[in-house]
Each structure stands twice: as structure tokens, then as C-alpha cells.
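Following: one structure in C-alpha cells, then a few remarks.
Bear in mind these aren't lab numbers, they're just calculated from the coordinates by the rules spelled out. The shown structure was predicted, so the numbers you read here are calculated from the model rather than taken from an experiment. Don't worry about glycine lacking a Cβ; one is built from the backbone with ideal geometry, like all the others, and counts go over all protein chains shown.
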Amino acid sequence: MKSTANFIQMKENNENIAMVTAYDFPSAKQVQSGGVDVVLVGDSLGMTVLGYESTVSVTLEDMIHHTKAVKRGAPETFTITDMPFMTYHVNKEETMKAARKLMQEAGADAVKVEGAGDIVDRVRELTAAGVPVCAHLGLTPQSIGVMGGYKVQGKTAEAAHRLLADAKAMEQAGAFMLVLECVPHQVAESVSKTLQIPVIGIGAGAKTDGQVLVYHDLMRYGVGRTAKFVKSYADFDNQGVPAIQSYVTDVKAGVFPAAEHAFTMNEDELDQLYG
Ligand code: KIV
Ligand code: NA
């Protein structure tokens, strides 16, 4: 399994870091077999596998449940778990308790928190306690209500300055990695060049130190319209629905199961059964 030191080394070597989300045992097995460097149990699971409108509905119990499944499927892959909405905002104690559960109970190797401001102190405290923290700036979906929609962030010079300052504060507080979501590629490049820690982009152009995609976007699995920054490498929906339709047709027509799918009792036993 890679370590936080390996990720810094990869940045120094100009080796792009590949991150994908996973939420359950089979997707985790796939991302590990596919060779990702780091897996993210994102709170995007609220939408992708639980069908909520946003990540705001996701609870700590949800994250623990899914992280356990992911660790069973990808035991050799460094796993970051999102701290869900409002589990790291109230005070230090609640934050520590939540992070302890994610690492000790669920098996996460690190946690991810969104935003800056007061969160800088939380990152410092968690790091001091031995919890590796990945920061998340730019578009921060847990703040969707405040942001007023899923929009590109850091588009003005002033906003870009603020973003860079927040990124530096996160690095100084001890974050080992930064996810940068939905920012102009020039801004993401500048943040990546300024920081020593690796910057993982999503909707942030090609000049970051790595990329992250949501599993269900990458596979086109149960997602409707995808964002501009998504590239799908498979099409589960267009393969999955016809597969289900064929199964239903076969069952209705009595074509499935065929003889090869059935179990057979030997003749002697059959004779005894029916006399
Ligand atoms: O929850 C998630 O999947 C994320 C990524 C989009 C970075 O936070
Ligand atoms: Na997230």
C-alpha cells in the first residue's frame, strides 16, 4: 500500500496520481485491480448509491458502513474517507471522535474535509493526533446551500487569490493532499505549483498532480447527465438495462433457466422418492 510519503514523492517525480471513488466491495475490488494509487470513499455516495439529492444527507454511520466494505475490497489501496456534513464543524471533540471512528472502526487510512476558515484548525488538530488529512477546496459540495449551486469557483482574480491562500493554510496546517474541484485550469496549475503537497483535481484541468473521478461517472452507472469535466470509460447503463430486459424476456418465455443451470438428482434417489 502506498503511503502519504509516497504521494509527495510522486509529485516530486512528476508522476500523476490516479484516484477514483469506491463505495462498496465490488467497486473497491475493481479500482484496486485497475491500479489506482488511492481510493476515495466520497460522500458522493449519498447521490451515487443512496439516491439523495446532495451530500448533506450523508451521515457518519453511512461513511463507516461503506468504508468497511471498501477496505474489504481494496485492502492494499490507501483509502481516504470523507468526513460528512457537520461532523467536523461543531468543536474539536466531535471532530476527533468522528475521525477516530472512521480510522479505528471503519479502517480509513486518512480523512477528507471540505473548506478553509475554521477548518484549518481542525486539520492542525487532526494531524497532531495522527490523522492524515486531505483538504478539499474550490467547489465544496457540502456547502451547496451556501454556494447556491454547483458552479465553477475561483474565476475572478480575487477569488483565485483567496483560494491560493486557503490552499497554503491547509498545507501549513498539515494536510498531506488537496482535492481541488471545479476551478479554472490556470488557477489549479498555480495552486499545484505553489504547494509541496499533491493537488488532485476534478474539473481542474490537466496540470494538477493527479486526478479523481467518481466511480459512477467513470462507469456511467446510474448517473443521468454528467458534468463537463467527466469522462466515462464504460457504459454500465447501456449494457445493464438491456441485460435486465433480456433476463425478464427469458423468464417470461421459460427460456431461462436452461438444463445447464439446473441440478439433477440421480435415478436411484428419484426411484426412492417416487417409489
Ligand atoms: O465525494 C466525492 O466523491 C468527492 C470527490 C468528487 C472529490 O469529494
Ligand atoms: Na466528497
Residue-normalised 222 nm signal for the chain, counting each DSSP H run of n ≥ 4 as -39,500 (n - 2.57), nearest 500 deg cm²/dmol, is -12000 deg cm²/dmol
Projecting the Cα atoms of ILE80, LEU213, PHE229 onto the charge dipole of the chain, where Lys and Arg contribute +1 and Asp and Glu -1 at Cβ, the residue farthest towards the positive end is PHE229
If the chain between ALA259 and SER57 were fully extended at 0.36 nm per residue, the gain over the current Cα-Cα distance would be 68.0 nm
With the 8 Å Cα cutoff and a minimum separation of six or more residues, the chain has a relative contact order in percent of 15 percent
Taking a crude spin-label model, label points 7 Å out from Cα along the C-beta direction, the MET1 to GLU267 distance in nm is 5.8 nm
Rounded to the nearest 10 degrees, the helix 185-194 long axis (Cα) sits at an angle to the longest Cα principal axis of the chain of 70 degrees
Too long for a 28 Å Cα-Cα cut-off, among LYS11/LYS92; LYS112/LYS151; LYS112/LYS168; LYS29/LYS252; LYS101/LYS151, are LYS11/LYS92; LYS29/LYS252; LYS101/LYS151
Rounded to the nearest 10 degrees, the helix 119-128 long axis (Cα) sits at an angle to the longest Cα principal axis of the chain of 80 degrees
Taking chymotrypsin sites (Phe, Trp or Tyr not before Pro) in a DSSP loop with at most 16 other Cβ atoms within 10 angstrom as exposed, one finds the longest site-free stretch of the chain at 53-149
With Cα coordinates, the longest principal axis of the chain makes an angle with the long axis of helix 60-73, in degrees rounded to 10, of 60 degrees
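How big is the charge dipole of the chain about its Cα centre, in debye rounded to the nearest 20, if each Lys and Arg gets +1 on its Cβ and each Asp and Glu gets -1 on its Cβ?
1200 debye
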